[in-house]
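Report on one structure; see the data block that follows.
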Amino acid sequence: KAGVTQTPRYLIKTRGQQVTLSCSPISGHRSVSWYQQTPGQGLQFLFEYFSETQRNKGNFPGRFSGRQFSNSRSEMNVSTLELGDSALYLCASSWDAFGNTEAFFGQGTRLTVV
Amino acid sequence: KNQVEQSPQSLIILEGKNCTLQCNYTVSPFSNLRWYKQDTGRGPVSLTIMTFSENTKSNGRYTATLDADTKQSSLHITASQLSDSASYICVVSQDRGSTLGRLYFGRGTQLTVWP
């Protein structure tokens, strides 16, 4: 059974650009959630999607957005990149809402903004 | 305020020794508590999940305890190995009904095992 796949693994962008990250959940999982991880802040919740609907959202600016497709794959977009957006972005998938069932993380996308 | 606090922030132990990591939380209402292990540059991997009614759960050399009354949890690692070197993250889920389990993350304990 394939795990959670995130692409790309590494990304370097310039300030002001935008970026799209992709997450393919485990087959059959309906919930995908996204997190930003930095050394100073630890894991910060971005948002959760369940059956194509955003069910929960963290305290991030509107530059951070996401969506989920009918096959449960999810994308996260960050517009007008800032240096502080440099982080490891993780997605996790679960069969049901993340807080209620076992969740599995992908390996993450390391974003560097220069 | 809903928070999860972990201690110590970092820990160095010798291979073969035991250690205990602590997690205190103020999240309410409580749904479940999870411990994750995260190797450097990798995604977290679940070690244990405990609900209100469970006070001990083991996964190989890892044993987690939960005291829901005092809102404390610990993760005990027995006979440590070099591969145990990682960040251990405590995550508490808030019960908000059947679909919206809001999560609160600790900042993790960085464990280093020396040979």
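The values are calculated or read from the model by the stated rules, or taken from the named source; none is laboratory data. A quick note: this is a predicted structure, and the numbers were derived from the prediction, not measured. Counting neighbours? That spans all protein chains shown, and the Cβs are built from the backbone with ideal geometry, glycine included. To get the accessible areas, we keep the full protein, side chains included, count just its heavy atoms, and leave off ligands, DNA and RNA. Shrake-Rupley method; radii C 1.70, N 1.55, O 1.52, S 1.80 Å.
Condition test on A:LYS13, is it touching a Leu at 6+ places or on another chain (Cβ under 8 Å), closer than 26 Å to B:ASN2 by Cβ and charged (D, E, K, R)? When the stated conditions are applied, A:LYS13 does not pass them.
Only one of the numbered conditions (1) open to solvent by 30 Å² or more (accessible area, probe 1.4 Å); (2) touching a Gly at 6+ places or on another chain (Cβ under 8 Å); (3) not in a strand (DSSP E or B) is not met by A:GLN54, and that is (3).
Among the residues making up the range A:88-114, those that are surrounded by fewer than 21 Cβ atoms within 10 Å (Cβ to Cβ) and within 14 Å of chain B (Cβ to nearest Cβ) are A:LEU88, A:TRP95, A:ASP96, A:ASN100, A:THR101, A:GLU102, A:PHE104, A:GLN107, A:ARG110, A:LEU111, A:THR112.
Looking only at residues in the range B:82-105 that are open to solvent by less than 10 Å² (accessible area, probe 1.4 Å) and modelled with pLDDT of 95 or more, the one that is farthest from the other protein chains (Cβ to nearest Cβ) is B:ASP84.
Go through the residues of the range B:62-73 one by one and say whether even a single one is in contact with a Cys (Cβ under 9 Å, 6 or more places away or on another chain) and surrounded by fewer than 17 Cβ atoms within 10 Å (Cβ to Cβ). Yes, because at least one residue in the range B:62-73 is in contact with a Cys (Cβ under 9 Å, 6 or more places away or on another chain) and surrounded by fewer than 17 Cβ atoms within 10 Å (Cβ to Cβ). For the range B:38-50, taking the residues that are closer than 21 Å to B:SER80 by Cβ and in a strand (DSSP E or B), the one that is most open to solvent (accessible area, probe 1.4 Å) is identified as B:VAL45. Filtering the range B:51-69 to residues that are in contact (Cβ under 8 Å) with a residue 12 or more places away in the chain and either within 24 Å of A:GLN107 (Cα to Cα) or part of a loop (DSSP other than H, G, I, E, B) (or both) leaves B:PHE52, B:GLU54, B:ASN55, B:ASN59, B:ARG61, B:TYR62, B:ALA68.
Of the residues screened, A:TRP34 is not one that is surrounded by fewer than 21 Cβ atoms within 10 Å (Cβ to Cβ), within 30 Å of B:MET50 (Cα to Cα) and touching a residue at least 24 places away in the same chain (Cβ under 8 Å). Within the range A:59-83, the residues that satisfy the criterion of being open to solvent by 60 Å² or more (accessible area, probe 1.4 Å) and touching a residue at least 24 places away in the same chain (Cβ under 8 Å) are A:ARG73, A:THR80, A:GLU82, A:LEU83.
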